[in-house]
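**Student:** This structure is in structure tokens; I'll ask about it shortly.
The values are calculated or read from the model by the stated rules, or taken from the named source; none is laboratory data. Here the structure is a predicted model, which means the values were calculated and not measured. With ideal geometry, Cβ positions are generated from the backbone for all residues, glycine too; neighbour counts draw on all protein chains shown.
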């Protein structure tokens, strides 16, 4: 029982009061709205780096004021994209289980996971000035995971040890970028593009 002067509400009444239900619904909507804005921003900016907040709002299906509520300035939106991308890369790297099984199979899994991040990573490659230079010049845990995977493959005899491991990592990212660009062609098959990328990566690292 809550007693505030002449106001007296039981816990059960409070739980189902309209204001509480509305607040809970709004709280549940926030992450979905933020996700929709970030996804829309990536699609719009990948096509046109100079796109406005209004363009992003239109694709997200929300008003400009809603975008500004989550990201007051354009710089806040870009920072949000950057932070979200780093989290998604980390999640993709974990999902690939790079320390498990044969190195070749692990590299294939990793490329498959990264391929799904094509839109946002293409944005970074095409116009890195949109995002923080410092964050993208520092090695991340995902960068180290790829390097260690390549080095493991070389030690275990699956990958060519004569090729510098850091060079191989750069080639893998370059092939992924090429695949992302190719997949944006309306005439291209996403499945075939990924298959071609994976086969090219395999031949690149093979001993």
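**Student:** Which helices (runs of 4 or more DSSP H) does the stretch 28-106 wholly contain that include 2 or more residues that are assigned by TED's automatic domain parsing to the domain that holds residue 148 and surrounded by 15 or more Cβ atoms within 10 Å (Cβ to Cβ)?
**Tutor:** So the answer is 74-96.
**Student:** Pairs under 9 Å by beta carbon, first residue not assigned by TED's automatic domain parsing to the domain that holds residue 182 in the stretch 109-125, partner surrounded by fewer than 19 Cβ atoms within 10 Å (Cβ to Cβ), six or more apart or different chains?
**Tutor:** none
**Student:** Got a sec? Which of 144, 181, 149 is closer than 18 Å to residue 100 by Cα, surrounded by fewer than 17 Cβ atoms within 10 Å (Cβ to Cβ) and in the same structural domain as residue 108 (by TED's automatic domain parsing)?
**Tutor:** Details: 181 fails: closer than 18 Å to residue 100 by Cα; 149 fails: surrounded by fewer than 17 Cβ atoms within 10 Å (Cβ to Cβ).
Within the list 144, 181, 149, the selection yields 144.
**Student:** Here's something else I'd like to know. Evaluate the stretch 152-172: report whether one residue or more is within 25 Å of residue 44 (Cβ to Cβ), part of a helix (DSSP H, G or I) and touching a residue at least 60 places away in the same chain (Cβ under 8 Å).
**Tutor:** The first filter runs over the stretch 152-172 and keeps only residues within 25 Å of residue 44 (Cβ to Cβ), leaving none.
No, the stretch 152-172 contains no residue that is within 25 Å of residue 44 (Cβ to Cβ), part of a helix (DSSP H, G or I) and touching a residue at least 60 places away in the same chain (Cβ under 8 Å).
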